[in-house]
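The values are calculated or read from the model by the stated rules, or taken from the named source; none is laboratory data. These numbers were taken from a predicted model, which means no experiment stands behind them. Neighbour counts are summed over all protein chains in view; Cβ atoms, including those assigned to glycine, are modelled from backbone coordinates with ideal geometry.
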Amino acid sequence: MSNNPFENYLSTLKNTIKKAGFDEEIFKKLNSPDRIIDFEIELNGKKYPAYRVQFNNNLGPYKGGVRFHPQVNLEEAKALSAWMTIKTAVVDLPLGGAKGGIAVAPKKLSEKELKKLSEKYVENIYKFIGENKDIPAPDVNTNEKIMKWMKDKYEKLTNQKAPGSFTGKAIKDGGSLGRKEATGQGGAYALKFFTKKQNLTPNNLTVAVQGFGNVGSYFALAAAKMGFKIIGVSDTSGSYINKNGITKRELKKIKEIKGKKSSIKEYLIKNNKENKLFKRNEILKVNSDVLVPAALENAINMKNYKKIKAKYILELANGPISAEVEKVIDKIIIPDVLANSGGVIVSYFEWLQNKNKEKWDKEKVFKKLKDKINKAFEEIYKEKEKNTLTLKEAAYILAIKRLI
Ligand code: NAD
């Protein structure tokens, strides 16, 4: 069983090319990155492995996040850069795919050390990035503040003003309104579009969400506002399962318990609802119509997939279903390359606003986000109708056609 996410990408790519009847040569064009920048950062006597992987820029400058996590490794960065390439192509952005990261536990560093580490990261890659070359953004454990440090360092090293060289900045530093909600909000638009296509209505559908971080929490709130009934949410501390529905007010209250991995447990204890607290893996077994993995890669794997009762899966995390499971699972899957594209779409809007010296209001950002997701989903359906394809295969075919 492979838990190597890059192997998973290659497996999906190979399978799609075969199913679409494309020339096998296409596989060679999309099976390896254009450039790998692989280095070490030395800080206070310790060495941290670091990467920037630029996968493909056929459609525009490379684009992708920077992750700070002890498990960051080259294979993961390669996979995330490849998925980003497919994602930007699916939603028709004039951008390519990249990803980077440092193998570090950022919470163990002081603020000063974190700043130094971020600056050293830029020192190693600044010649290869820039507004029209490669535009990094936040990912797991990186944020607005880190983007500002990196952008400032980049501007210093290149002796120019380059606000669009990084996205995911704070509003005061040139960030876009709606960026922090974008991935969850975009996922909710995708789910709403899907229900319409299936002749279903949100009010009759129950939803369970695994992961209540940036993506999962904004998704749950947006979906609840659209009328979907959220009957379960989880984080590393456990699952809150309530068949009667979790209200928007409750979702907001859980979200307010900030900076803690244990928001769900803490919320339930504080509110005398411990009888609704279940083990974290119980979320996968909830009897809901839709399951939304919004936590980690390979969350749904050979060990647990048979326990899933939901009929539909909205992939909000990147690669939450392992490649082996993807081949055998009998669920309808709304693929990650569409479902979680809201983040990169609004990053693109931020880049545009920076380049054109504009400031869009949140209404405009969300309207344009919704249009992009709906248009891409419509195109995926058109691909799908021509053949007996899954939505993921159709999305990959759409992307491959644009990339080649
Ligand atoms: P995050 O760190 O803010 O949140 C992750 C959440 O998952 C946390 O609530 C954590 O407690 C929970 N979690 C971790 N392991 C769990 C488990 N075993 N069971 C239940 N909950 C668990 O991260 P995020 O930014 O929300 O990203 C989540 C996923 O979405 C990642 O795969 C990321 O690559 C992907 N993604 C994020 C964005 C973005 O804009 N942030 C965009 C596209 C894709």
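Answer yes or no as to whether Ala208 is over 17 Å from Tyr267 (Cα atoms), of a type in the set (A, V, I, L, M), more than 13 Å from the ligand (Cβ to nearest atom) and in contact (Cβ under 8 Å) with a residue 24 or more places away in the chain. No, not satisfied. Restricting attention to the stretch 279-313, the residues that are over 21 Å from Ala190 (Cα atoms) and of a type in the set (Ser, Thr, Tyr) total 1.
Exactly one residue out of Glu326, Glu358 is in a helix (DSSP H, G or I), surrounded by fewer than 24 Cβ atoms within 10 Å (Cβ to Cβ) and either in contact with a strand residue (DSSP E or B) (Cβ under 8 Å, 6 or more places away or on another chain) or of a type in the set (D, E, K, R) (or both): that is Glu326.
Taken across the stretch 217-226, residues that are at positive phi and touching a helix residue (DSSP H, G or I) at 6+ places or on another chain (Cβ under 7 Å) do not occur at all.
Of the residues making up the stretch 108-133, those that are in a helix (DSSP H, G or I) and in contact (Cβ under 8 Å) with a residue 12 or more places away in the chain number 15. Entry remark, the stretch 305-315: residues being within 16 Å of the ligand (Cβ to nearest atom) and either surrounded by fewer than 24 Cβ atoms within 10 Å (Cβ to Cβ) or closer than 16 Å to Pro5 by Cα (or both) number 6 in total. Cβ-Cβ distances below 6 Å connect the following pairs, each with a first residue in the stretch 72-84 that is part of a loop (DSSP other than H, G, I, E, B), a second residue that is within 12 Å of the ligand (Cβ to nearest atom), and a separation of six or more residues or different chains: Val72/Gly101. Selection of the stretch 286-298 for residues being modelled with pLDDT of 95 or more and either surrounded by 15 or more Cβ atoms within 10 Å (Cβ to Cβ) or within 15 Å of the ligand (Cβ to nearest atom) (or both) yields Val286, Ser288, Asp289, Val290, Leu291, Val292, Pro293, Ala294.
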